[in-house]
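Worksheet for the structure shown next.
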Amino acid sequence: MAKAVPSPLAAVAVLALLLLCRGAEARVLLTLDDFGGVGDGIANDTQALLDAWAAACSSTQEAVLAVPAGKVYQIWPVQLSGPCKKRLKLLISGAIVAPSSPDEWAGRDPMKWLYVYGVDGLSVSGGGTIDGMGQQWWASTCKRKKTQPCYSGPRPKAVHFEECREVSVQGVTLQNAQQFQLTFTRCSCVKASFLRVVAPADSPNTDGIHLNDTSHVRITDNLISTGDDCVSMVGNCSDVRVKDISCGPGHGISIGSLGKNRTTDMVEDVKVDTCLLTNTTNGVRIKSWQGGTGFARDLRFENIVMRNVSNPIIIDQYYCDQPTPCANQARHSSTQAVEVRRVEFAGIRGTSATPQAISIACSDAVPCRDLELANVNLTLEGGGAGRATALCYRASGKSAGTVVPPSCLARS
């Protein structure tokens, strides 16, 4: 009998498998239960998480730190710090919940709950849930409670990464944050994908994904339904891609607010693509305070569908979010403003809940320049009498294709 000769393709496959196996590093698996975690939703499992993190972060092998499925771990405010010796994976298959009472933050930093600092190469996944239990925080805020006493102080950012690189958060649910749901500050090389981010429509300041001084970001394939911006970015952010997002309810997708308290903010190279916004109070928005400096430039919003959205396209250089009115500095020639330049709105279509579908209000001192409206089709929700309108002030640029309502941009 003739001896079978392996095909060249089979030989290549075997060689690739051998190389893959040889190149794979060993991993160590740790769980919260290994360090005394109870997971009944009542016990304080904070020390178990801290001890498990310390072991995983100091491991000389790549570690997987697991939050087991079917359990609920109540965690008080913690700081999970790096650097770690190897890449680390946090596998959340169960639930991590915060204590429900704001009183539990007495003597602690009121702006932090799950705070991750200085960790590179961390991935978070597992299909589980992170619940900020923010209901009592929201109820006491002056935005919700209109009578005194009410609370106007800081609230925790539920999951906050700071000074981290090569961070990935995917495939988990983040809900009911005390304030922002997922925040990245001074981070780079960030991925946030396949997330479900939810809070009630009237939960104040529960931004879905918030970027501050962060670059090289990919936010994709997320369902975000919250009480503030679905995605927001402030400070100095660049090379940001936001794609395949379902947003609503919420306040839309925002650049800003920028320039508050006369700060200098710089946001550039941002692309928002293929998004569905439903029943939001804004669509795609750029917002800045009077008196700030810096710029928002090289921004592109394209292939976006609006369903019953108030203010579908908005640039507001007179943004003011405070109890007392902001002084109108527009007529003072020396007034500074964040420059808005080279912004494209392309392939934006759907229905507006407000008669004014396009609102572009720019500064006298630093007008908006090089704007473009291309193939925009926004009509009134319900098809009622009248047509949607556009209003521009101190804004110039061009239009291309069919633009409904007609462009209000002055020619450059």
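We did not get these values from a lab; they are worked out from the coordinates using the rules stated. A quick note: this is a predicted structure, and the numbers were derived from the prediction, not measured. Backbone-built Cβ (ideal geometry, glycine too); neighbour counts: all protein chains shown.
Given Cβ point charges of +1 (Lys, Arg) and -1 (Asp, Glu) and nothing else, what value in debye, to the nearest 20, does the dipole of the chain about its Cα centre take?
Computed about the Cα centre, the dipole is about 760 debye.
Give, to the nearest whole percent, the P(r) tail of the range 248-412 beyond 24 angstrom, counting all Cα pairs.
30 percent
Toward the positive end of the charge dipole of the chain, about the Cα centre and with charges on Cβ (Lys, Arg +1; Asp, Glu -1), which of LEU223, LEU299, THR147 goes farthest?
Of the candidates, LEU299 comes out farthest on the positive side.
Give me the number: length gained by fully extending ASP239 to ALA400, i.e. 0.36 nm times residue separation minus the C-alpha to C-alpha distance, one decimal in nm.
Working it through step by step, the gained length comes to 55.4 nm.
So, counting K/R as plus one and D/E as minus one, what does the shell of residues with Cβ under 13 Å around TYR151 add up to?
Charge balance near TYR151 sits at +4.
For mean projected area of the Cα convex hull in nm², the choices are [x] 26.6; [y] 27.7; [z] 25.6; which was calculated from the structure?
Here the calculated entry is [y].
Gap in Å between the Cα centre of the range 229-260 and the Cα centre of the range 70-98?
Centre-to-centre (Cα) distance: 26 Å.
Among ASN205, VAL97, ALA48, flag the residue with its Cα farthest along the positive direction of the charge dipole of the range 29-228, charges on Cβ as +1 for Lys/Arg and -1 for Asp/Glu.
The residue sitting most towards the positive pole is ASN205.
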